[in-house]
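Reading through the C-alpha cells given below for one structure.
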Amino acid sequence: MKKFAPIFIIVATIAIIGYFDSAIFAEKEEAITSFPLPVEDTASAASSNEETDEQSPQLPTLETKLVDITMEDGYVVEVYREYEVYKDEEGNIIDTVATDNYQYLRYKE
C-alpha cells in the first residue's frame, strides 16, 4: 500500500493537469466568461462608468526632490523630500504638494 499511494498521487495530478489543459475545459471556460449582459445592465454600467470618470479625482504621483546637501563629520548628507505631483490628462503639472516624508543619503566624501 505504501508503494501504491505515491503512484496514485502522481497519476491523479497528471489527470487533473491534463483536464485543465484540454480543449473541453477551454470551451467551458470560454462559455462561462463570455456571457452576454442584458441590455439594461450594459446601459447602466456604461453610464455609471462615465459618471465615475468625470467625478474621479486625479491621483497624485510621488516624486522625491533634492532639498539640501550638508557636511557632517566627514560625510556628505543629501536630504530628499517627497512631493505629491498632480497632473492633467495631457501630462501638465497642475499642483505640487510637499509631504512630511524625508530621505537622507549619507556617504563618505
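Looking at (1) under 30 Å from Q103 (Cα atoms); (2) at pLDDT 85 or above, which one does I17 not meet, given that it meets all the others?
(1)
Mind checking which pairs have a first residue in region 68-91 that is more than 19 Å from Q103 (Cα to Cα) and a second that is in a strand (DSSP E or B) and open to solvent by 40 Å² or more (accessible area, probe 1.4 Å), Cβ under 6 Å, 6 or more apart or different chains?
Qualifying pairs under 6 Å: Y86/I94; Y86/D95; K87/I93; D88/I94.
Given the condition open to solvent by less than 50 Å² (accessible area, probe 1.4 Å) and in a strand (DSSP E or B), answer yes or no: does some residue in region 91-104 qualify?
Checking region 91-104: at least one residue is open to solvent by less than 50 Å² (accessible area, probe 1.4 Å) and in a strand (DSSP E or B).
Whether any residue in region 55-78 is in a helix (DSSP H, G or I), modelled with pLDDT under 90 and either out of contact with any strand residue (DSSP E or B) (no Cβ under 6 Å at 6 or more places or on another chain) or surrounded by fewer than 10 Cβ atoms within 10 Å (Cβ to Cβ) (or both) is what I want to check.
yes
Of the residues that sit in region 20-37 and are open to solvent by less than 70 Å² (accessible area, probe 1.4 Å) and hydroxyl-bearing (S, T, Y), which one is modelled with the lowest pLDDT?
Looking at the filtered set, the residue picked out is S34.
Please go through region 81-103 and give me each residue that is aromatic (F, W, Y) and out of contact with any Leu (no Cβ under 9 Å at 6 or more places or on another chain), ordered by number.
If the condition is that a residue be aromatic (F, W, Y) and out of contact with any Leu (no Cβ under 9 Å at 6 or more places or on another chain), then Y102 is the only one that fits.
The values are calculated or read from the model by the stated rules, or taken from the named source; none is laboratory data. What you are looking at is a predicted structure, and each value in this text was computed from that prediction instead of being measured. As a convention, Cβ positions derive from the backbone with ideal geometry for all residues, glycine included, and neighbour counts pool all protein chains shown. Ligands, DNA and RNA are excluded from the accessible area calculation, which covers all protein heavy atoms including side chains. Shrake-Rupley method; radii C 1.70, N 1.55, O 1.52, S 1.80 Å.
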